[in-house]
Amino acid sequence: RDDRDELDALTRQVGRAGRALQEEIKRLERVESYRREFLGDVSHELRTPIFAIAGFAETLLDGALDDDRVRRRFVEKVLSNARRLETLTRDLSDISKLETGQLVLDRAAFDLAAVLADVVDGLEPAAAARGVGLAARPAPGLPPVVGDRDRVRQVLANLAENALKYNERGGSVELTARLRPTGEVRVAVVDDGIGIPADALPRLTDRFFRVDKSRSRAEGGTGLGLAIVKHLLEAHDQRLDVESRVGYGSTFSFALPAAAPPSAASDDAAEAG
Ligand code: ADP
């Protein structure tokens with residue numbers, strides 16, 4: 001009877017190990033197919049600017065160097081494509097860190113209104129160049145929020161940049177934040193730009209997805225911005241919400257927890273100590 005019990009226990013153990021092994025094999029298959037797809041996407045994205053650079057350089061050597069105006073224009077094209085590769089490699093390194101869970105957040109309470117103002121300051125020249133209005137409008141008396149300030153800034157800069165890029169001259173972009181009754185602060189980037197078709201919304205945060213490839217390219221887009229934003233928010237246990245109507249504009253929003261106000265008890269403790 002003891003032997004039978006032992007055998008039963010052993011059988012169960014082997015069964016568990018087998019299932020664990022199957023799970024692990026499935027996981028590795030997923031990682032492998034992800035890796036293959038990722039490499040395919042990346043080489044596809046790298047090819048365009050590399051071909052462009054090679055093409056312009058070749059044309060220059062083939063005689064365009066002698067023409068003053070053409071020379072300048074082509075060198076500018078080489079430069080802009082090199083910049084594009086620079087952005088692409090930066091975004092790629094971000095996304096691979098995020099997708100393999102290598103990002104460590106540095107969470108603390110911070111002043112969100114200051115970050116909104118900062119992002120607007122940084123994008124002011126781009127907004128002016130496009131003739132699009134850009135403003136930070138945090139609700140007055142906003143409490144501090146908890147998160148990784150630099151990463152939240154990166155999220156907002158990304159969303160605000162998109163709101164400017166996918167807009168028309170005379171349009172406007174607003175960065176808002178307000179405290180909800182739930183104790184969360186809702187942060188939104190609101191634009192009255194070109195909008196996004198409903199059938200594109202579910203794929204918006206997929207890497208390399210763009211509604212209009214040529215427009216994104218012309219704007220220096222990599223198709224990675226929103227994928228990065230999604231991951232950064234997920235790291236904060238938050239998700240990106242999007243509302244949009246073609247021809248009317250888009251609102252991208254997310255929440256952050258408000259920092260707990262210092263309680264009376266801890267004030268006392270601080271005074272006592
Ligand atoms: P990209 O580098 O192409 O801007 P993103 O990942 O940031 O890549 O955005 C993916 C796509 O989503 C964009 O190419 C664009 O088609 C669409 N998109 C993003 N933000 C907006 C917006 N505010 N208004 C309209 N379309 C947008």
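The values are calculated or read from the model by the stated rules, or taken from the named source; none is laboratory data. Because the structure is a prediction, the values reported are computed rather than measured. Glycine also receives a Cβ, built like all others from the backbone with ideal geometry; neighbour counts cover every protein chain displayed. Accessible surface is based on the protein model in full, side chains and every heavy atom, while ligands, DNA and RNA are left aside. Shrake-Rupley method; radii C 1.70, N 1.55, O 1.52, S 1.80 Å.
Yes/no matrix, rows are residues, columns are (1) closer than 29 Å to GLY249 by Cα; (2) in contact with a Pro (Cβ under 6 Å, 6 or more places away or on another chain):
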| site | (1), (2) |
| --- | --- |
| GLU86 | no, no |
| ILE95 | yes, no |
| THR100 | no, no |
| ALA109 | no, yes |
| VAL120 | yes, no |
| GLU124 | yes, no |
| ALA127 | yes, no |
| LEU134 | yes, no |
Close pairs (8 angstrom Cβ cut-off, 6 or more residues apart or separate chains): at positive phi and within 12 Å of the ligand (Cβ to nearest atom) in the stretch 183-207, part of a strand (DSSP E or B) and open to solvent by less than 50 Å² (accessible area, probe 1.4 Å) anywhere: GLY195/SER244; GLY195/GLY249; GLY195/SER250
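Yes or no, residue by residue, for (1) open to solvent by 30 Å² or more (accessible area, probe 1.4 Å); (2) within 30 Å of ARG151 (Cα to Cα); (3) among the hydroxyl-bearing types (Ser, Thr, Tyr); (4) outside any loop (DSSP other than H, G, I, E, B):
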| residue | (1), (2), (3), (4) |
| --- | --- |
| ALA57 | yes, no, no, yes |
| LEU60 | no, no, no, yes |
| VAL70 | yes, no, no, yes |
| ARG73 | yes, no, no, yes |
| LYS77 | yes, no, no, yes |
| ALA82 | yes, yes, no, yes |
| THR87 | yes, yes, yes, yes |
| ARG90 | yes, yes, no, yes |
Test: ARG239 is part of a loop (DSSP other than H, G, I, E, B), more than 8 Å from the ligand (Cβ to nearest atom) and either over 30 Å from LYS77 (Cα atoms) or of a type in the set (A, V, I, L, M) (or both): yes
Number of the exception - ASP118 against (1) among the acidic types (Asp, Glu); (2) at pLDDT 90 or above; (3) out of contact with any Lys or Arg (no Cβ under 7 Å at 6 or more places or on another chain): (3)
Residue check, LEU142 assigned to a helix (DSSP H, G or I), within 22 Å of ALA255 (Cα to Cα) and over 13 Å from the mean Cα position of the chain (by Cα): no
Qualifying positions in the stretch 174-196 - within 14 Å of ALA259 (Cβ to Cβ) and either in a strand (DSSP E or B) or not small (Gly, Ala, Ser) (or both): ALA177, LEU179, GLU184, VAL185
The stretch 27-46 residues that are closer than 16 Å to GLY221 by Cα and open to solvent by 70 Å² or more (accessible area, probe 1.4 Å), paired with ones that are modelled with pLDDT of 85 or more and not in a helix (DSSP H, G or I) (beta carbon under 9 Å, 6 or more apart): HIS44/PHE208
The stretch 120-136: number of residues that are open to solvent by 30 Å² or more (accessible area, probe 1.4 Å) and small (Gly, Ala, Ser): 6
Residue list for the stretch 137-163, filter: within 16 Å of the ligand (Cβ to nearest atom), open to solvent by less than 10 Å² (accessible area, probe 1.4 Å) and either small (Gly, Ala, Ser) or more than 22 Å from ASP94 (Cα to Cα) (or both): ALA160, ALA163
Qualifying residue in the stretch 222-244 (condition: touching a residue at least 40 places away in the same chain (Cβ under 8 Å), of a type outside the set (Gly, Ala, Ser) and open to solvent by 50 Å² or more (accessible area, probe 1.4 Å)): no
